[in-house]
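J.: Dropping the structure in here first, questions after.
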Amino acid sequence: MTDVAAIFRDQYGQEPDGLWAAPGRVNLIGEHTDYNDGFVLPFALPERVVAAASRASSGWRVCSDLQDQPVAFSDAGSPGTVTGWAAYVAGIVWALAEAGHEVPPANFAITSDVPLGAGVSSSAALESAVLTALIDLGGLDIPVAERPALAQRAENRYVGAPTGIMDQSASIRCEAGRALFLDCRSQEVEQIPFDVAAEGLAVLVVNSNAPHQHVDGEYGARRKSCEEAARLLGVPALRDVSADDLDETLEKLDDDVMRRRVRHVVTEDQRVLDTVALLRSGRIREIGPLMTASHASMRDDFEITVAEVDVAVEAALMAGAYGARMTGGGFGGCILALIDADRADAVTTAVESAYERHGFTAPTPFVAVPSQGATRL
Ligand code: GLA
């Protein structure tokens, strides 16, 4: 990875005070459940954003080897003041200030090996690295459990993307060798052992490389539809709809599309709970069918998959994966497949051949290792 301390020295003529890292994530299961106050189970990737940073005398300056122009601002102002990639940085300064913290002026140099546009939360990684650095540089007293909400606020209000709290929670709170079982209502977490290698297994991630289309609009539309359904059903959030009497509950809704949206969220929450129960008792292989059912639910009920991810999931299953599903917000992005570790090449080849047959742009596969969340290096 790029020597970000060297970039810092070149740009600012001094050594950084420190280096802070925050990872991208994949979600094992629990999609579009976070903003419904439900459950998610992401784990952090080894791919991460690294920020070299120092306190400055005034304002904030940011440069990156991935961007042409450094950006400087003396005040994050209000949403819209700083735009483009630096909005993620300014958004964190803004969210901290808005929450009443004394934000230290600082200089940043930033690099990243989190794939962009792949749905593995490169933006949450950037927010989380900057947030962690500013908290340390300013000696701010903000418990780890409260940090994801600050980063989410930067993303929702400053950058303007209506996302839930999963990605920032994963980037900040995940631990190596574990998946993060998060209750998005209470923010309580449980670190679930997920040492796939010890079981002779691997999680193969395949970036579909499908062009992301209508992502923001469709994401917002799904979220609206869920909130409207909760209102019609008279519950605070879809998390409060019980999976046991789901059929009866669905009869109360007139609209078939809305019924299917609700069915996805309620069954998906249940699949997260079932997955956690299996992992707690060490039955990793048995989560495969839950992953595959999650994919079917996203494809048929929530309607957020595209041909490229459906084909990748299908090919991985045909090649012997225990389970496979799209991960992330949808409309492209990555799939993940739980496989025997020694089948990684065979499953990869199967997906690549299927892509060739369909005339799709070649996918990018990689093996995902559950890694550490945000930290000072
Ligand atoms: C995106 C959002 C998350 C979550 C997922 C879907 O990654 O940022 O908050 O809603 O989509 O599970």
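J.: What number comes out for the charge environment of Val351, summing +1 per Lys or Arg and -1 per Asp or Glu over other residues with Cβ under 15 Å away?
T.: Numbers: positive: Arg325, Arg343, Arg357; negative: Glu308, Asp310, Glu314, Asp345, Glu352, Glu356.
In short, -3.
J.: No solvent, one uniform scatterer per C-alpha: report log10 I(q)/I(0) for the stretch 197-368 via the Debye equation at q = 0.13, 0.15, 0.20 1/Å, two decimals.
T.: Listed by q, the Debye log ratios stand at -0.68, -0.87, -1.24.
J.: Here's something else I'd like to know. Tell me the relative contact order for the chain as a rounded percent, counting alpha carbon contacts under 8 Å between residues six or more apart. Please list the in-between numbers first.
T.: On the way: 820 pairs, mean separation 89.2, N = 377.
The normalised contact order for the chain reaches 24 percent.
J.: Still on this structure: Could you pull out the trypsin sites (Lys or Arg not before Pro) across the stretch 173-263 that fall in loop regions by DSSP (anything but H, G, I, E, B) with no more than 12 other Cβ atoms inside 10 Å?
T.: Hits after loop and neighbour filter: Lys252.
J.: On to the next question. Tell me the Kirkwood radius of the chain: reciprocal of the mean inverse pair distance over distinct alpha-carbon atoms, in Å. The partial results should precede the final answer.
T.: On the way: mean 1/r = 0.0473 Å⁻¹.
One over the average 1/r among Cα pairs gives 21.1 Å for the chain.
J.: Of the options Pro370, Val262, Gly323, report the single residue whose Cα projects farthest towards the positive end of the charge dipole of the stretch 245-377 (beta-carbon charges: Lys, Arg +1; Asp, Glu -1).
T.: Of the options given, the answer is Pro370.
J.: For the stretch 4-193, taking Cα atoms only, what is the radius of gyration to one decimal and the Dmax to the nearest whole Å?
T.: Rg and Dmax of the stretch 4-193, Cα atoms, are 15.7, 47 Å.
J.: Specify which residue in the list Leu182, Ser171, Val203 is farthest towards the positive end of the charge dipole of the stretch 165-246, using unit charges on the beta carbon of Lys, Arg (+1) and Asp, Glu (-1), about the Cα centre.
T.: Farthest towards the positive pole: Ser171.
The numbers here are math on the coordinates, done by the rules we state, and not lab data. Everything numeric in this text was worked out from a predicted model, so none of it was measured. With ideal geometry, Cβ positions are generated from the backbone for all residues, glycine too; neighbour counts draw on all protein chains shown.
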